[in-house]
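Every number here is computed from the coordinates shown, using simple stated rules; none is lab data. These figures come from a predicted structure and were not determined experimentally. No Cβ is skipped: glycine too gets one built from the backbone with ideal geometry, and neighbour counts run over all protein chains shown.
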Amino acid sequence: MQLGTRWSVGGEPPARIGSAMHAAVRQVEGELLGFDTSTWRWTLTWLEGRAVVELDDGTIIREGHDGEAHIEAAPAD
């Protein structure tokens with residue numbers, strides 16, 4: 001695993017992740033409207049050369065072998 005970067009919710013994702021990953025990040029952020037996410041951040045890592053993006057609430061977006069983004073919902077409390 002290789003650490004990439006972190007950025008705030010609502011900020012611009014790193015350009016080096018693909019368009020499918022960008023769209024998935026925006027989709028998840030759209031579902032957070034109404035929540036206070038002012039301190040939440042995304043963390044980008046690389047696993048076997050593919051992007052893995054994790055939100056502070058536990059939501060994970062993984063780039064598949066096909067280049068598509070796969071969203072794993074945050075675990076329920």
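Taken along the Cα-to-beta-carbon direction at a fixed 7 Å, the label points for Glu68 and Leu47 span 1.8 nm.
Defining a contact as two alpha carbons under 8 Å apart and six or more residues distant in sequence, what relative contact order in percent does the chain show? Could the numbers behind the result be given before it?
On the way: 114 pairs, mean separation 23.4, N = 77.
Dividing the mean separation by the residue count of the chain yields 30 percent.
Dividing the helix sum by the residues of the chain, where each DSSP H run of 4 or more adds -39500 (n - 2.57), gives a mean residue ellipticity at 222 nm of -5000 deg cm²/dmol. Of the trypsin sites (Lys or Arg not before Pro) in the range 6-77, the ones in a loop by DSSP (not H, G, I, E or B) with at most 12 other beta carbons within 10 Å are Arg16.
Say a site is exposed when it is one of the GluC sites (Glu not before Pro), sits in a DSSP loop, and has at most 14 other Cβ atoms within 10 Å; what is then the longest site-free stretch of the chain? Present the calculation step by step, with values, prior to reporting the outcome.
Numbers: sites that count: Glu31, Glu48, Glu68.
Formally, the longest exposed-site-free interval is 1-30.
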